[in-house]
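Take a look at the structure below.
Every read-out reported here was derived from the displayed coordinates using simple, explicitly stated rules and does not represent laboratory data. Since this is a predicted model, take the numbers as computed values, not measurements. As a convention, Cβ positions derive from the backbone with ideal geometry for all residues, glycine included, and neighbour counts pool all protein chains shown.
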Amino acid sequence: MKTIAQIAAELQGYDPQALSAERVNDFLAQLIEPVTETETLPVFDALGRVLAQDVVSPISVPPHDNSAMDGFAFDSAQLRPGEPLTLRVVGTALAGKAWASPVGAGECLKIMTGAIMPPELDTVVPLEFVRAGEDGSVHIPPGVVSAGDNRRLLGEDLMAGQPALRKGQTLGPAALGLIASLGLPSVSVFRRIKVAYFSTGDEILSLGDCPREGAVYDSNRYTVFGLLTRLGVEVVDMGVVGDQPALLEAAFRQAAATADAIITSGGVSMGEADHTKAMMKHLGDVAFWRIAMRPGRPMAVGRITEQGRSAILFGLPGNPVAVMVTFLAFVRPALLRLMGSTTAEPLLLKAQSGEPLRKKPGRTEYQRGIVTRGADGALHVCTTGNQGSGVLRSMVEANGLIVLHHSQGNVAVGDAVDVMMFDGAI
Ligand code: AMP
Ligand code: MG
């Protein structure tokens, strides 16, 4: 396990007072060690979990050559270009049963979708293309079918012995179906990680508290809860912790003793007169950063150890939008890594900006955007208006973040900009 100082020393261009967003992710990739403990779960319980080992297919799927259509199976060697073909029907093959007797020259087999193709036949002409003769024969007009048509090959989906899914993959609905299609009743996944979170600040009210002057209701715990739940981690809500050393110490110790990661909000900015930063420093190996980004600048990152266990700490800024943006930009990829996931970074889309955007080079900006498809079929994006870091409404109205990269300058109307779509993350 590397210390903050070790990682800092190895990271090129590390400046805790002016860290680029990219460097933050590089740093976190060094800090995070993926979980190693695994468990075996029935397929239905594995949705959203991360595979702990490759799933090697014990069988070929499909297990036989079979018909992709309802029609007539025959040997394509009898097809002559531009000529019709008349074949005698010897019987019907239904799905799930093998046709036992041979089908010879001048003959065909009526076959249903999914039924096994006899080895001597290679082509299926769909029912709707043929004309039935009165003598139990079928006429295939010229040009309606070519050799090999409408036949699904053995192992076309998966070959026995080949990896069907890779370690580190998050299991979605398609993966569950694929595992089941291999006849596997259970699957080995990494254990779920546990993430504890609390909000800090004496001005923060919990739901149910009486409003008072200068105080605001806590929204960060709710957004963090939602973001974590969407990620599929086990959440531990620790409430609002007031700005008192004893309360903060107890909260950090309890969180570190039970969770794999701790997320706090508030109390990490420069001018803070509170005890949060001091307690993080006292209890853990923590770096305090000023990140070249907007919204979000201050952030604390490190490890807090308690009773021989250590938890990764993400001390996020207090402003509600900054919490969500720093979560999406840094915490989410870091937690995915902690979960054992090899999921790539979110795919950024390109959209044409519908408005000019002011942007200073030298920091990454995440503006709340509404992406729509224009009459021209292209993607267009506009901001939600007021981009203040406390305006949570901007996150509600947006469907993605416009990512204005570190060295990027002003954007003119019609310029292409990158957008990180919220997709399932929000
Ligand atoms: P701080 O980072 O502690 O200086 O907080 C920055 C701003 O975010 C202040 O206006 C706080 O009142 C506000 N804030 C901090 N924590 C929360 C919270 N949990 N919910 C809503 N607003 C918060
Ligand atoms: Mg504060």
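Determine ³J(HN,Hα), in whole Hz, for all residues of segment 3-11 in sequence, where each value follows from phi through the Karplus function 6.51 cos²θ - 1.76 cosθ + 1.60 and θ = phi - 60°; x replaces Gly and Pro.
Per residue, the Karplus-derived 3J(HN,Hα) values read 7, 4, 5, 5, 5, 4, 5, 8, 8 Hz.
Taking the dipole about the Cα centre of segment 205-268, with the C-beta of Lys and Arg at +1 and of Asp and Glu at -1, give me whichever of Gly226, Ala259, Leu205 is farthest to the positive side.
Of the options given, the answer is Gly226.
Helix 220-231 against the longest principal axis of the chain: what's the angle in degrees, Cα atoms only, rounded to the nearest 10?
Roughly 30 degrees between the two axes.
Taking the number of other C-beta atoms within 10 Å as the exposure measure, put Asp135, Asp122, Asp415 in order starting with the fewest.
So the residues, fewest neighbours to most, are Asp135, Asp415, Asp122.
Which of rounded, prolate or oblate describes segment 348-421 when judged by the alpha-carbon gyration tensor and an a/c cut-off of 1.5?
Oblate, since a/c reaches 1.5 and b/c is not below a/b.
Name the long-range amide H neighbours of Thr38: under 5 Å, sequence gap of 5 or more, or other chain; modelled H, no Pro or chain starts.
Arg191
Report, by chain and number, residues whose modeled amide H sits under 5 Å from the one on Thr364, excluding near sequence neighbours (fewer than 5 apart, same chain).
Residues meeting the amide H criterion: Ala21, Met293, Arg294.
Each residue of segment 209-217 in order: what ³J(HN,Hα) in whole Hz does its phi give by Karplus 6.51 cos²θ - 1.76 cosθ + 1.60, θ = phi - 60°, with x for Gly and Pro?
5, 6, x, 9, 4, x, 9, 10, 6
Mind checking which aspartates and glutamates have their C-alpha under 18 Å from Lys97, skipping anything on the same chain fewer than 8 residues away?
Once the sequence-local aspartates and glutamates are set aside, what remains near Lys97 is Asp65, Asp70, Glu120, Asp122.
Would you mind ranking Lys350, Lys2 by Cβ crowding within 10 Å, fewest neighbours first?
Listing Lys350, Lys2 from fewest to most nearby Cβ atoms yields Lys350, Lys2.
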